[in-house]
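Read through the structure below, which is laid out as structure tokens, and then see the notes.
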Amino acid sequence: MREGQTPSQQAVVVGGGISGLLAARLLAKSGTAVTVLEASDAWGGCVGSHTVAGLELDSGAESFATRSTAVADLARELGLGENIVAPHAGGAWVQLPDGPRELPKTGVLGIPANPWDPEVRRSLGFAGSLRASLDRYLPASVGTSAEVTSVSALVRARMGKRVLERLVAPVVGGVHSADPGLLDVDMVAPGLRAALRQHGSLATAVASQRKAGSKQTGTGPAKAGSAVGGLKGGMNTLVSALVAELRSQGVTLVQGARADSITRGDGGWRVSAAGKTYDAARLVVALDGPAAVGLLEGALPELSGLRPAAGPLVSLVTLVVDVPELDGRPRGTGILVAPQTAGIQAKALTHATAKWDWLAEEAGPGTHVLRLSYGRGEGADAPESSGALDDDSLFEAALRDASTLLTVPLVREDVLDWDVVRWAGALPFAAVGHKQRVAQVRRVCAGAEGLSVIGGWLAGNGLAAVVADTSAQIDAGL
């Protein structure tokens, strides 16, 4: 804290992930003296980096959804506007039990905007496309009348089982590590049901969302997997820019300071961390759901029954390989795996050097970066257990899976370097019923003066949601 500051001018942010750093930035801009406490020795949380074969790569989030301008606007404010890039136009694929197919363009969560698009029909067959096209004749109330609806229930009701199993389940499993029956559609695809009510069909609602997203990247109708943007140098450069700005603003950044307790007094809030205490009138808790509720329930007993369960363990295996045969991008920017596909443990593979032209230039001809994801939140009998394998077992699985998915044999001798990064409970919570839990948590916290609780578990899916929600929550408390 700065000398001479009164408690009303002091704030403590617990958690140095992207939401915590953004909160600190907004508070500092308002003239508040800010201290950020981070338990680890790295900033950014899931927007991290690691070095593999001499390449600085994203270890977590590597893109952002373009359904809103939130992330792009932040990047521009931080001087990174010229580094915003769109993925290569190669598109993504899906591995089905009967073989690989191109994912249809202009889809959201795998839901097609046109059931008769050739790529859609190849995946669904005539009968599947015919069933999906009935969506346009159904009342807009189908799938929108209930207060809460899962992704599975919405898609099955409007477009049928084949769209759900062959298009939506692979995308949802790859992106959210969960079964579509478990996820609240309003949390993983905000605005989709509202657009359905407005336009009268799910396909048209998808088309409208994709059109809005394409405006953010300046592109026209695009291949599947391209409704996202990235940053040249990786999304981790956003964290570096945030930290640099915070230092220039005089924000106190403390690493290795895990918060042990939070108490409430007449003068505001007191945080105990790493043997020190920090007092402030404004407290921001930017942790995962279980940790946030666990710290706050002593001061706010009403939160005790609202602690969410931890999310699934997801393991990311990054391979940097010298395989010129991959220059042809055999599966575009990557491939998602349908849960019912036998013989493959990975739920998704991102061909990073095929997806991002800047990375391909940095890696050089013949050198490729592959990232495979393991672990699904679908119960004990599902492939979730693959995410908990030891590093060597995951490496061997990644070699086998990449060889199968890319149709190019890969052996140990092809690997220049590799790494495993594990994210335990890091994915945003989006289960059916969680939105109501979030509303309860926010009602309780709104009654505690000077408190803001932020993060992906409250905001919903992805960086776009986190950035927008963090800004709204901090602004509301200023």
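Across the range 108-116, rounded Karplus estimates of 3J(HN,Hα) from the backbone phi angles (6.51 cos²θ - 1.76 cosθ + 1.60, θ = phi - 60°) give 10, 6, x, 6, x, 7, 9, x, 9 Hz, Gly and Pro being marked x. Based on the Kirkwood approach, the hydrodynamic radius assigned to the range 228-373 is 19.7 Å, with every pair of different Cα atoms included. Using R0 = 45 Å, the C-beta based FRET efficiency linking ASP279 and SER393 works out to 0.40. Residues in the range 45-50 carry Karplus couplings, in order, of x, 6, 9, x, 9, 8 Hz; the curve used is 6.51 cos²θ - 1.76 cosθ + 1.60 with θ = phi - 60°, and Gly or Pro positions show x. Using alpha-carbon positions, what is the distance between the centroids of the range 302-324 and the range 43-87, in Å? So the separation of the two Cα centres works out to 18 Å. Here the accessible area of the range 38-134 is 54 percent carbon and sulfur, with a 1.4 angstrom probe and all protein chains present.
The chain gives an Rg/Rh value of 0.97, both radii derived from C-alpha positions and Rh following Kirkwood. With the simple model of a label 7 Å out from the Cα in the direction of the Cβ, GLN198 to VAL411 spans 5.6 nm.
In this structure, the amide hydrogen of LEU313, modeled 1.01 Å from its nitrogen in the peptide plane, lies closer than 5 angstrom to those of GLY425, counting only residues at least 5 positions away or on a different chain. Would you work out what percent of the accessible area of the range 399-478, with all protein chains in place, is carbon or sulfur (probe 1.4 Å)? Exposed carbon and sulfur together represent 53 percent of the surface.
The values are calculated or read from the model by the stated rules, or taken from the named source; none is laboratory data. Just so it is clear, the model here is predicted, and its values are computed rather than measured. Cβ atoms come from the backbone with ideal geometry, glycine included; neighbour counts cover every protein chain shown. Each accessible area value is taken on the protein alone, full model and side chains, heavy atoms only, with ligands, DNA and RNA left out. Shrake-Rupley method; radii C 1.70, N 1.55, O 1.52, S 1.80 Å.
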